[in-house]
Amino acid sequence: MHIGLMMECDFREGRTQREAFDEALATAEAAEALGFDGIWLAERHFAAPGGSAPVSSIGSSPLLLATAIATRTSRLRVGTAVLLLPLGHPVRLAEEVATLDHLSHGRLDLGIGRSSFPRSYEGYNIAYEESRARFREYLDVMRLAWTQERFSYTGTFYTFRDVELIPKPYQHPHPPLHHAATTRETFAAIGTLGFPLLVGLVSAAMSELAEGIAEYQAAWHEAGHPGQGEVRLRLPIYVAEDMDRARSEPQASAMPYYERVRQAYLRSANTFENPARAARAARLATLTSADVLQTRVVFGTPTLVTERLSTLRHEVGLSGIIMEPNIGGRIPYELLLHSMRLFTQEVAPSLR
């Protein structure tokens, strides 16, 4: 059972960018000291405090942050959750990933995806409508670059002739790939392709996970892949000694987060005339604090958190839980570290 820590690399209002980077590096070092198996770095663009992005973050270059963290740690696996492939160049990223894989001595995990929101694409002047097709070509090119001595490729967006990538990855044939899922059809597609699944709730409730994961596993079997597939779940978790603290301390951070997510879905629904996004925004509009505690987060004492995660693990067949310790990015750092410590010392041992 993989026990990971999700790092949004929070940029807190009233703090400097330098302080945000220092906090991110200190959090990663604390994660190794506390016994987490790995950390997972988000890719966030144009996410200043007080802006319209759901999360304020300095995490626009997760591979650079991962490199800094890899040089400061010795055991911790370093992952991305997720790299937004269509925003970059496939050969350049393949080189950078292979280099980081060597610098970390094979401790790199690569979570990949497209993002549910078009804002980053607008900033990069890339059409979000092209993101799915770009993602497929991008991934094809990177895998060829990593596994072939030389490769050529002709696609709609990328064309290469007789390219030799140096260095090749440290891990063979390349770092483990974890594909993010955000919509129901994506679950089955990832199962068919045979990728480990990396899933977060965002606008969904925990009760909706079982059906999506079942579709992933069914598609996995139909494609002839061995086993059940691998599912790692990102989940907001907060642990305190008593229930009053576990509920009250993260509340001021969690509730505004869901409102910012709702607004982001509304903007993209209006831009693309997308009824599904509008429906997600409508569901979030009625969300109460009690709904959040019951259906979208796991906040509680060590005993309660252990019970809920153990039940969830067996209900949906999880192979990993990635703790999101600071949903909304506004929980004070000292409280965040205390919650992480209680989680690793009193919850994680029962899950492994």
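The values are calculated or read from the model by the stated rules, or taken from the named source; none is laboratory data. Source: prediction; values computed, not measured. Cβ atoms come from the backbone with ideal geometry, glycine included; neighbour counts cover every protein chain shown.
Name the single residue, out of those in the stretch 24-75 being acidic (Asp, Glu) and out of contact with any strand residue (DSSP E or B) (no Cβ under 7 Å at 6 or more places or on another chain), that is surrounded by the most Cβ atoms within 10 Å (Cβ to Cβ).
Among those residues, the one meeting the criterion is GLU32.
Looking at the structure I just gave you, is PRO175 buried (at least 19 other Cβ atoms within 10 Å of the Cβ) and modelled with pLDDT of 95 or more? Let's see the steps before the verdict.
Working: buried (at least 19 other Cβ atoms within 10 Å of the Cβ): yes; modelled with pLDDT of 95 or more: yes.
So PRO175 fits the description; yes.
Hey, can you tell me all the residues within the stretch 166-223 that are within 22 Å of ALA279 (Cβ to Cβ) and acidic (Asp, Glu)?
Of everything in the stretch 166-223, those that are within 22 Å of ALA279 (Cβ to Cβ) and acidic (Asp, Glu) turn out to be GLU185, GLU208, GLU211, GLU215.
When only residues in the stretch 1-23 that are among the small types (Gly, Ala, Ser) and within 27 Å of SER116 (Cα to Cα) count, which is surrounded by the most Cβ atoms within 10 Å (Cβ to Cβ)?
The initial filter retains those residues of the stretch 1-23 that are among the small types (Gly, Ala, Ser), namely 4, 14, 20.
Next, from what is left, pick out any that are within 27 Å of SER116 (Cα to Cα): 4, 20.
Values: GLY4: 25, ALA20: 18.
Going through the qualifying residues, I end up with GLY4.
Mind checking which helices (runs of 4 or more DSSP H) fall wholly inside the stretch 240-325 and carry at least 2 residues that are of a type in the set (Phe, Trp, Tyr)? Spell out how you get there, then give the answer.
Values: elements: 243-272, 275-285, 289-295, 302-316.
Hits in the stretch 240-325: 243-272.
Name the residue, out of SER131, SER120, that is surrounded by 15 or more Cβ atoms within 10 Å (Cβ to Cβ), in contact with a Ser or Thr (Cβ under 8 Å, 6 or more places away or on another chain) and not hydrophobic (A, V, I, L, M, F, W, C). Before you say what the answer is, go through the steps one by one.
Details: SER120 fails: in contact with a Ser or Thr (Cβ under 8 Å, 6 or more places away or on another chain).
Selected residue: SER131, the only one of SER131, SER120 that is surrounded by 15 or more Cβ atoms within 10 Å (Cβ to Cβ), in contact with a Ser or Thr (Cβ under 8 Å, 6 or more places away or on another chain) and not hydrophobic (A, V, I, L, M, F, W, C).
Can you pull out every residue in the stretch 201-259 that is among the aliphatic types (A, V, I, L, M) and touching a Ser or Thr at 6+ places or on another chain (Cβ under 7 Å)? I'd like the intermediate steps shown before the answer.
Taking the stretch 201-259 first, the residues among the aliphatic types (A, V, I, L, M) are 201-202, 204-206, 209-210, 213-214, 218-219, 223, 231, 233, 235, 237, 239-240, 243, 246, 252, 254-255.
Matches in the stretch 201-259: VAL202, ALA205, MET206, ALA219, ALA223, VAL231, VAL239, ALA240, MET243, ALA246, MET255.
Please work out if ARG262 is surrounded by 21 or more Cβ atoms within 10 Å (Cβ to Cβ) and in contact with a helix residue (DSSP H, G or I) (Cβ under 6 Å, 6 or more places away or on another chain). Give the derivation first.
Numbers: surrounded by 21 or more Cβ atoms within 10 Å (Cβ to Cβ): no; in contact with a helix residue (DSSP H, G or I) (Cβ under 6 Å, 6 or more places away or on another chain): yes.
In short, no.
Restricting attention to the stretch 320-333, does a residue exist that is crowded, with 22+ Cβ neighbours inside 10 Å, among the acidic types (Asp, Glu) and out of contact with any helix residue (DSSP H, G or I) (no Cβ under 6 Å at 6 or more places or on another chain)?
Yes, the stretch 320-333 contains at least one residue that is crowded, with 22+ Cβ neighbours inside 10 Å, among the acidic types (Asp, Glu) and out of contact with any helix residue (DSSP H, G or I) (no Cβ under 6 Å at 6 or more places or on another chain).
Is there any pair linking a residue in the stretch 173-187 that is of a type in the set (Lys, Arg) to one that is in a loop (DSSP other than H, G, I, E, B), with Cβ under 6 Å and at least six apart or on different chains, and which?
Going by the 6 Å Cβ cut-off, there are no qualifying pairs.
Given the options LEU165, LEU193, LEU103, LEU144, name the one that is modelled with pLDDT under 95, over 18 Å from the mean Cα position of the chain (by Cα) and over 29 Å from PRO54 (Cα atoms). Before you say what the answer is, go through the steps one by one.
On the way: LEU165 fails: modelled with pLDDT under 95; LEU103 fails: modelled with pLDDT under 95; LEU144 fails: modelled with pLDDT under 95.
On inspection, the qualifying residue turns out to be LEU193.
Could you check, for the stretch 225-245, whether at least one of its residues is modelled with pLDDT of 95 or more, small (Gly, Ala, Ser) and over 29 Å from ALA282 (Cα atoms)?
Scanning the stretch 225-245 turns up at least one residue that is modelled with pLDDT of 95 or more, small (Gly, Ala, Ser) and over 29 Å from ALA282 (Cα atoms).
If you take the residues of the stretch 12-41 that are at pLDDT 95 or above and assigned to a loop (DSSP other than H, G, I, E, B), which of them is nearest to MET323 (Cα to Cα)?
Taking the stretch 12-41 first, the residues at pLDDT 95 or above are 16-41.
Cutting the leftovers down to assigned to a loop (DSSP other than H, G, I, E, B) gives us 16, 35-37.
Details: THR16: 25, GLY35: 13, PHE36: 10, ASP37: 11 Å.
The selected residue is PHE36.
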